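Asks: Dropping a structure here in structure tokens format, bear with me for questions.
Readers should treat all values here as calculations from the given coordinates under stated rules, not as data from a laboratory. No experiment lies behind these values; they were computed from the predicted model shown.
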Amino acid sequence: MRTVVLATGIAVFLAGGPAFAADDKALPPQNAKKLSEIVAKVEHRTDFRYVKEVDWDSDGYTITYYTTDKAKVQITYDPVSGEPK
């Protein structure tokens, strides 16, 4: 019986590991612009078609979008100023 309880406890701990790791990611600063404001700037760019992906890391927001001529564009924005780096 102890083996079953121990095995179950280990399985639960290992399954919950990724959830704990998610909390270690860097967060945008308190004075950061709203993400919606930054995405709105991207949407107003010439030949904009659609946003494919938005990522966050310590460098800022990296937005990947496509233009009307199917070109892939990737730009990193400063979270505080909202301007491209």
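Asks: Work out how much length Arg45 to Gln30 would gain on full extension: take 0.36 nm times their residue separation and subtract the Cα-Cα distance, in nm to one decimal.
Replies: On the way: separation 15, 0.36 × 15 = 5.40 nm, distance 2.67 nm.
Length difference between fully extended and current span is 2.7 nm.
Asks: For Lys33, go through the lysines and keep the ones whose alpha-carbon is under 25 Å away, minus same-chain ones fewer than eight residues off.
Replies: Here the lysines satisfying the reach criterion relative to Lys33 are Lys25, Lys41, Lys52, Lys72, Lys85.
Asks: Give me the number: length gained by fully extending Thr68 to Asp55, i.e. 0.36 nm times residue separation minus the C-alpha to C-alpha distance, one decimal in nm. Don't jump to the answer; show the numbers that get you there.
Replies: On the way: separation 13, 0.36 × 13 = 4.68 nm, distance 2.20 nm.
Here the segment from Thr68 to Asp55 would lengthen by 2.5 nm.
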